[in-house]
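Chemist: Before I ask anything, here is the structure I am working with.
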Amino acid sequence: MRYIYLHGFASSPASRKARFLVEKLQEHSIHLETPDLAPDFQNLTITSQLAVIHGAIRGEPVVLIGSSLGGYLAALYAAEQPQIVERLVLLAPAFDFYELWKKDLGPAKLAEWRENGTICVYHYGAGQETPLGYQLLDDASKYSAFPDFEQPCLILHGLRDEVVPFEKSALFAAARPDNRKLLSFNSGHELTDVLNEIWDSSCGFLLSANTK
C-alpha cells in the first residue's frame, strides 16, 4: 500500500506537517511520498494539481493524507478514483474552496484580481510574495464544493480555524456518517501545535491499511 501526502495551498512537500508525518510513518517502515503539487504556482489550478496527483499515483492503490487545499484535492480524487484510493486522512480540508476565496477576498478584490490577471500571495514554501493567476478561481468554480465518496475517511479539524471553518468539515462528515469520522482539536488552521495528538488519533486508521 502506498501513502501520499498532499500539501496545502502555497505550501510545499517540506512543510512541518509533511516532515512530521514522514518521520512518524517511517518508524513503521512506511514511506510517505510528498509530491510538489504546484511546480508552476502562478498558473495553478485545481485541474493541474489533480493531474500531478494522478501522475504520482500511477493507478496504484493508495492512502491519501491531505492538508487544507490538499485535503480538498484528496477528496476530489477519491470521488473520481474510488477503485484506487483506499482511505483518506484529511487535515482541516478546504471544502467549499471556491466560495471560501470569494468570501475572503470580497467583490472589490475579486474584480481587481480578475482585471489584473494576477495577485500576489505569500507562498510559505518559497518564503516570499508570489504572483497567482485568476485562472485558479475560474477553474475551481467547476468542481464540487463537497466531493462525495464512499471510502473510509478520518477528518481532523481545529475548532479555532479562521481559514476554513470547522463547520465545513462537520457538514461534510454528517452527509455520510457511516464512512466519515470527524475529530475536533483546540487549534487553528495549521494544526502544528497538536501534531502529536493528530498522530495519536490517526495512526491506527493509517497503519491498518498497510495490513491488507
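The values are calculated or read from the model by the stated rules, or taken from the named source; none is laboratory data. No experiment lies behind these values; they were computed from the predicted model shown. Glycine also receives a Cβ, built like all others from the backbone with ideal geometry; neighbour counts cover every protein chain displayed.
Chemist: Look at Y122 and say whether it is part of a strand (DSSP E or B), touching a residue at least 40 places away in the same chain (Cβ under 8 Å) and either surrounded by fewer than 16 Cβ atoms within 10 Å (Cβ to Cβ) or aromatic (F, W, Y) (or both).
Modeler: Details: part of a strand (DSSP E or B): yes; touching a residue at least 40 places away in the same chain (Cβ under 8 Å): yes; either surrounded by fewer than 16 Cβ atoms within 10 Å (Cβ to Cβ) or aromatic (F, W, Y) (or both): yes.
Yes.
Chemist: Quick check: is even one residue across region 27-35 in contact (Cβ under 8 Å) with a residue 60 or more places away in the chain and over 13 Å from the mean Cα position of the chain (by Cα)?
Modeler: Scanning region 27-35, I find at least one residue that is in contact (Cβ under 8 Å) with a residue 60 or more places away in the chain and over 13 Å from the mean Cα position of the chain (by Cα), so the answer is yes.
Chemist: Take the conditions over 24 Å from D161 (Cβ atoms) and acidic (D, E) and apply them to E60. Does it pass?
Modeler: Yes, satisfied.
Chemist: Give the residue, chosen from F20, F9, that is among the aromatic types (F, W, Y) and either part of a helix (DSSP H, G or I) or free of Cβ contacts under 8 Å to residues at least 40 places away in the same chain (or both).
Modeler: The conditions single out F20.
Chemist: A further question on this structure: Only one residue in L137, L154, L171, L207 is in a helix (DSSP H, G or I) and buried (at least 17 other Cβ atoms within 10 Å of the Cβ). Which one?
Modeler: Working: L154 fails: in a helix (DSSP H, G or I); L171 fails: buried (at least 17 other Cβ atoms within 10 Å of the Cβ); L207 fails: buried (at least 17 other Cβ atoms within 10 Å of the Cβ).
L137 is the lone residue from the list that is in a helix (DSSP H, G or I) and buried (at least 17 other Cβ atoms within 10 Å of the Cβ).
Chemist: Taking the condition surrounded by 17 or more Cβ atoms within 10 Å (Cβ to Cβ), of a type in the set (A, V, I, L, M) and under 12 Å from the mean Cα position of the chain (by Cα), does A92 pass?
Modeler: Criteria met by A92.
Chemist: Do we have V63 as hydrophobic (A, V, I, L, M, F, W, C), in a strand (DSSP E or B) and either within 21 Å of S184 (Cβ to Cβ) or without any contact (Cβ under 8 Å) to a residue 24 or more places away in the chain (or both) here? First the steps, then the outcome.
Modeler: Values: hydrophobic (A, V, I, L, M, F, W, C): yes; in a strand (DSSP E or B): yes; either within 21 Å of S184 (Cβ to Cβ) or without any contact (Cβ under 8 Å) to a residue 24 or more places away in the chain (or both): no.
Considered against the rule, which asks whether it is hydrophobic (A, V, I, L, M, F, W, C), in a strand (DSSP E or B) and either within 21 Å of S184 (Cβ to Cβ) or without any contact (Cβ under 8 Å) to a residue 24 or more places away in the chain (or both), V63 comes out as no.
Chemist: With the requirement that a residue be within 14 Å of R87 (Cα to Cα) and either modelled with pLDDT under 95 or β-branched (V, I, T) (or both), what does region 146-174 give you?
Modeler: I155
Chemist: Kindly list, by first and then second residue, each pair from a residue in region 198-212 that is closer than 15 Å to L90 by Cβ and in contact (Cβ under 8 Å) with a residue 24 or more places away in the chain to a residue that is surrounded by 10 or more Cβ atoms within 10 Å (Cβ to Cβ) and among the acidic types (D, E), limited to pairs with Cβ atoms under 8 Å and residues at least 6 apart or on different chains.
Modeler: A209/E86
Chemist: Using the structure shown, decide if Q81 is over 21 Å from L182 (Cα atoms) and in contact with a strand residue (DSSP E or B) (Cβ under 7 Å, 6 or more places away or on another chain).
Modeler: Details: over 21 Å from L182 (Cα atoms): yes; in contact with a strand residue (DSSP E or B) (Cβ under 7 Å, 6 or more places away or on another chain): no.
Criteria not met by Q81.
Chemist: Let me ask another. Exactly one of these conditions fails for G127: (1) closer than 14 Å to F97 by Cα; (2) at pLDDT below 95; (3) of a type outside the set (K, R). Give me its number.
Modeler: For G127, the failing item is (1).
Chemist: While we're looking at this one, here's another question. I need the full set of residues from region 1-14 which are hydroxyl-bearing (S, T, Y) and within 15 Å of Q49 (Cβ to Cβ), in order please.
Modeler: Y5, S11, S12
Chemist: Ok, one more. Just one of G70, G55 is part of a helix (DSSP H, G or I), small (G, A, S) and within 20 Å of D193 (Cβ to Cβ); which is it?
Modeler: That would be G70, the only listed residue that is part of a helix (DSSP H, G or I), small (G, A, S) and within 20 Å of D193 (Cβ to Cβ).
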